[in-house]
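Notes follow once the structure below has been shown.
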Ligand SMILES: [Zn+2]
């Protein structure tokens, strides 16, 4: 991590602290070159799959849109909203999370 003051790349971590919700790690760093201190934050990268539309446009996967589409498709069938939520959406989202780079296609 480059020092924001002198641009040097080497530094020591002098303190590491986990945020209250456990989602972020805050690190105090001490630059090996100029000795000044700065802070970095580490968090998990959000992996959101992209969806390729029929016309070729790309957009971020949207759970709400998928749900609306499934609801429309099941309108005249004996499938309740709870069933869709429980089986359909959850399953699809889990699979998307499991298969990186997978590109679902809808509407
Ligand atoms: Zn420095």
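The values are calculated or read from the model by the stated rules, or taken from the named source; none is laboratory data. Quick caveat, the model's predicted, so the values are computed rather than measured. Cβ: placed from backbone, ideal geometry, glycine included. Neighbour counts: every protein chain shown.
Figure legend. Inter-residue proximity from the range 31-52: first residues under 30 Å from residue 8 (Cβ atoms), second residues at pLDDT below 95 and within 16 Å of the ligand (Cβ to nearest atom), beta-carbon distance below 9 Å, spacing 6+ or different chains. Indicated pairs: 38/1; 40/1. Of all residues in the range 26-75, those that are under 18 Å from the mean Cα position of the chain (by Cα) and under 13 Å from residue 1 (Cβ atoms) total 2.
Listed here are the residues, each with its yes/no results for (1) loosely packed, with under 10 Cβ neighbours inside 10 Å; (2) assigned by TED's automatic domain parsing to the domain that holds residue 17; (3) over 27 Å from residue 19 (Cβ atoms).
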{"site": "33", "(1), (2), (3)": "no, yes, yes"}
{"site": "36", "(1), (2), (3)": "no, yes, no"}
{"site": "39", "(1), (2), (3)": "no, yes, no"}
{"site": "58", "(1), (2), (3)": "yes, no, yes"}
{"site": "69", "(1), (2), (3)": "no, no, yes"}
{"site": "81", "(1), (2), (3)": "no, no, yes"}
{"site": "84", "(1), (2), (3)": "no, no, yes"}
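Tallying residues that are assigned to a loop (DSSP other than H, G, I, E, B), at negative phi, within 16 Å of the ligand (Cβ to nearest atom) and loosely packed, with under 13 Cβ neighbours inside 10 Å within the range 7-31 yields 2.
May I ask you to say which residue of 42, 46 is assigned to a strand (DSSP E or B) and modelled with pLDDT under 95?
Values: 46 fails: assigned to a strand (DSSP E or B).
Within the list 42, 46, the selection yields 42.
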